Amino acid sequence: MASHPRRRTRLPLRYLLPLLVLVATLAMLMLRGYVHNEILADHRIRPSAANDRVPQRILDGGPVIDTRDGRSDSLRIPDHRIVLTFDDGPDPTWTPKVLDVLKKHHAHAVFFVTGTMTSRHPELVRRMVAEGHEVGLHTFGHPDLSYHSTKRIDWELSQNQLALAGAAGIRSSLFRPPYSSSANAIDNRSWPVTRYIGSRGYLTVVDDTDSEDWRKPGVERIILNATPHGGRGAVVLMHDSGGDRHQTVQALDQLLPRLQQRGYTFQTLTAALRAPSADTRVTGVDLWKGKAWIFLVKASDNITTVLVAGLAVVGCLVFARFGLMLLLSGAHARRTRRPGFRWGEEPVTEPVSVLVPAYNEAKCIENTVRSLMRSEHPIEVLVIDDGSADGTADIVQALDLPDVRVIRQANAGKPAALNRGLANARHELVVMMDGDTVFEPATVRELVQPFADPRVGAVAGNAKVGNKNRLIGAWQHIEYVMGFNLDRRMYDILRCMPTIPGAVGAFRRSALQRVGGMSDDTLAEDTDVTMALHRDGWRVVYAEKARAWTEAPESVQQLWSQRYRWSYGTMQAIWKHRGALFDRGPSGRFGRVGLPLVSLFMVVAPLLAPLIDLFLVYGLVFGPTAKTVLAWCAVLAVQALCAAYAFHLDRERLTPLFSLPLQQLLYRQLMYVVLLQSWITALTGGRLRWQKLRRTGGVAAPPTERPPVPEATPAG
């Protein structure tokens, strides 16, 4: 039998781009933490040890130690020459001040810079070189090298050189070990490191005059400590980073002229030793690798700054939304449940036309239609078969139910099917539902009661997940109850309801006709028509007791397709109705209240919400771990509080909320990628086709185990 080559599975571009953005963002955060030395930081300092294996000529020698090519020599600075050395920089605050003082007094120095600070502030290293100073290595992350292997030492040196090459186009042969002091402090632990450093081609520079400025002993004390005795030459240790260095700057400004008057000169190390410069130019690949490194570090810092700002924005949005939802949804519940509440003088009893657009709904349509037959309100049912190829229309006709009509048309999309149903509807009040949804007996009656108020043009029902027995279904159940229904209560009070759900919504036929019916301009025709009704001056309200049970997607692929369409369609609708921002009257009110809220809470906040989890990962890796976990748990606690309140208002069991932490970690990332993909599609001018979800027919009837809901006082 001939073997067939296996086809390679390729990740579609529409998935690849959002994932690449997510991975690139996380990579930039990791780079930022790496450069800021937040994971490799090692603050251990080894205590002094015996020095019997250190050559005596090194212990008694000068501050410049040469162990290159197997040597064990040391050098002293000639008399009346001072080599000022500054450790731990460059610092954006203090290094410029030190450079200014040196320039003022025509003095030169050696700056032993770390790779982390050089990567973040390359312009200061360029200034050091341009003004004639010498630059040496102080490792990348400032660890005590006596604790580390030669491999780690090589890494510290090479990364330090990479940063130098990118910052100033140089490499240096000078090295100062972190936490070092004078030559007589070298012991059996640090001496092997010194020899190894020499084998790599470096001169090790310690000091013989310590200003002890790191202790902040006062300006005069720093000057006294830094002044050599008897005209001797010296390598003076100072710092231009690592904390507040104002005493160092003030002391330097007085020390330089005092010693210059006494005949001292302030030179670089190699100039004082009359040797070739330790800093040499880098060219070719090494130079471009260094430049690329500096570019990426700058990019990571800039991106992190933007992300931190985004995190602050999403934090404000999340807490503002939760605050509004808790406050306004409670007001909505108290309003609709208070004794004597009614929508108008008389209850709505007139018959209703129920439109059921159906495309390949053979598995669900019978359950849908039979649920309507149990309605407590007089209805006619119109099933508009939109070119189904699975016998959907035949199934409905075979039921032979009273007041149920089937309208067939060639496949033209959901908006066209709904408009066809509107044209054939007999009644002024029209209910729209999906072909996979089932109604409770009271759903239609509860859904149309708000039409007792003549200002109401549309009513949003309470859509619920019927197949919530699986994890994805349970997560969507939380989203429907907490996100959608709690939001609708808030938007109802604010009079800017953005969407009548396709699964359960009601309209005045005359109101729909005024706005041109259902439009196919966007992929979210329910959001589009709701915004159009607001702009036409109609009220859109929420009827919480009008419950409908819908089949939510059961796979990640189906969920992706559905939410992609919703997200992209919502963006299209917002853009389509952007003119409302400048209108007057009801349209202007919706434009200046509704559109900003919808944009912030339904587009911006979900897009930025995963930053909470990205910074959780960042904090777990780089720290502070405890504060990061505490902050994330605080956000989760607020979400859990809102979710529990939403479940209480909807009289739902709280059991599904046990999966809320996992939902926030996994489900939110999926929604982020979907929304990011929608943004990419919108920005690139892409077109998205209608995507039909595969149904299982798993929602057979409204659940009966729910506790009874107290009836509102009937209108009239």
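The values are calculated or read from the model by the stated rules, or taken from the named source; none is laboratory data. Remember, it's a predicted structure, so these values are computed and weren't measured experimentally. When we count neighbours, we look across all protein chains shown, and the Cβ atoms used for this are built from the backbone with ideal geometry, even at glycine. Please note that ligands, DNA and RNA were not included when accessible areas were found on the heavy atoms of the full protein model with its side chains. Shrake-Rupley method; radii C 1.70, N 1.55, O 1.52, S 1.80 Å.
Going through (1) within 44 Å of the chain's Cα centre (by Cα); (2) of a type in the set (Ser, Thr, Tyr); (3) within 18 Å of residue 504 (Cα to Cα) one by one, residue 353 falls short only on (1).
Residues in segment 195-224 that are over 46 Å from the mean Cα position of the chain (by Cα), open to solvent by 30 Å² or more (accessible area, probe 1.4 Å) and free of Cβ contacts under 8 Å to residues at least 40 places away in the same chain: 210, 220, 221, 224. For residue 348, the conditions (1) in contact with a Pro (Cβ under 9 Å, 6 or more places away or on another chain); (2) farther than 30 Å from residue 428 by Cα; (3) not acidic (Asp, Glu) all hold with the exception of (2). Would it be correct to say that residue 117 is farther than 18 Å from residue 268 by Cβ, within 48 Å of the chain's Cα centre (by Cα) and assigned to a helix (DSSP H, G or I)? Criteria met by residue 117. Within segment 586-624, being free of Cβ contacts under 8 Å to residues at least 12 places away in the same chain and of a type in the set (A, V, I, L, M) holds for one residue alone: 620. Here is a check on your reading of the model: is residue 408 outside any loop (DSSP other than H, G, I, E, B) and surrounded by fewer than 20 Cβ atoms within 10 Å (Cβ to Cβ)? So residue 408 passes the test.
When segment 504-515 is filtered for residues that are open to solvent by 10 Å² or more (accessible area, probe 1.4 Å) and in a helix (DSSP H, G or I), the ones remaining, listed by number, are 509, 510, 513, 514. Evaluate the following for residue 292: is it under 47 Å from the mean Cα position of the chain (by Cα), at pLDDT 95 or above and either part of a strand (DSSP E or B) or within 29 Å of residue 35 (Cβ to Cβ) (or both)? Taking the combined requirement at face value, the residue satisfies it.
Might you let me know whether segment 637-652 holds any residue that is of a type in the set (Gly, Ala, Ser), crowded, with 19+ Cβ neighbours inside 10 Å and touching a residue at least 12 places away in the same chain (Cβ under 8 Å)? Among the residues of segment 637-652, at least one is of a type in the set (Gly, Ala, Ser), crowded, with 19+ Cβ neighbours inside 10 Å and touching a residue at least 12 places away in the same chain (Cβ under 8 Å), which makes the answer yes.
So that you can scan it fast, the table gives a plain yes or no per residue for (1) out of contact with any Lys or Arg (no Cβ under 9 Å at 6 or more places or on another chain); (2) outside any helix (DSSP H, G or I); (3) touching a residue at least 24 places away in the same chain (Cβ under 8 Å); (4) crowded, with 23+ Cβ neighbours inside 10 Å:
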{"residue": "49", "(1), (2), (3), (4)": "no, yes, yes, no"}
{"residue": "125", "(1), (2), (3), (4)": "yes, no, yes, yes"}
{"residue": "128", "(1), (2), (3), (4)": "yes, no, yes, yes"}
{"residue": "132", "(1), (2), (3), (4)": "yes, yes, yes, no"}
{"residue": "151", "(1), (2), (3), (4)": "yes, no, no, no"}
{"residue": "154", "(1), (2), (3), (4)": "no, no, yes, no"}
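Only one of these is touching a residue at least 24 places away in the same chain (Cβ under 8 Å) and either more than 34 Å from the chain's Cα centre (by Cα) or open to solvent by 10 Å² or more (accessible area, probe 1.4 Å) (or both): 531, 518, 497. Name it. Step by step, each of 531, 518, 497 is checked, and only 518 is touching a residue at least 24 places away in the same chain (Cβ under 8 Å) and either more than 34 Å from the chain's Cα centre (by Cα) or open to solvent by 10 Å² or more (accessible area, probe 1.4 Å) (or both).
Look at segment 322-333: where a residue is closer than 10 Å to residue 486 by Cα and of a type in the set (Phe, Trp, Tyr) and a partner is open to solvent by 10 Å² or more (accessible area, probe 1.4 Å) and part of a helix (DSSP H, G or I), sitting 6+ places away or on another chain with Cβ atoms under 9 Å, you get 322/638; 322/639; 322/641. Residue count for segment 537-596, restricted to those that are farther than 30 Å from residue 444 by Cβ, at pLDDT below 85 and open to solvent by 50 Å² or more (accessible area, probe 1.4 Å): 2.
Candidates in segment 53-71 are the residues that are farther than 16 Å from residue 146 by Cβ, over 52 Å from the mean Cα position of the chain (by Cα) and in a loop (DSSP other than H, G, I, E, B); of these, the one that is modelled with the lowest pLDDT is 71. Checking each residue of segment 626-635 against the condition of being out of contact with any Pro (no Cβ under 8 Å at 6 or more places or on another chain) and not hydrophobic (A, V, I, L, M, F, W, C) gives at least one match. Being at pLDDT below 95 and of a type in the set (Val, Ile, Thr) holds for only one residue in 384, 379, 365, 407, and it is 365. Scanning segment 439-484 for residues being assigned to a helix (DSSP H, G or I), open to solvent by 30 Å² or more (accessible area, probe 1.4 Å) and under 22 Å from residue 644 (Cβ atoms) gives a total of 4.
If only one of 637, 644 is part of a helix (DSSP H, G or I), modelled with pLDDT of 85 or more, out of contact with any helix residue (DSSP H, G or I) (no Cβ under 9 Å at 6 or more places or on another chain) and over 30 Å from residue 533 (Cα atoms), which one is it? Just one listed residue meets the conditions, 637.
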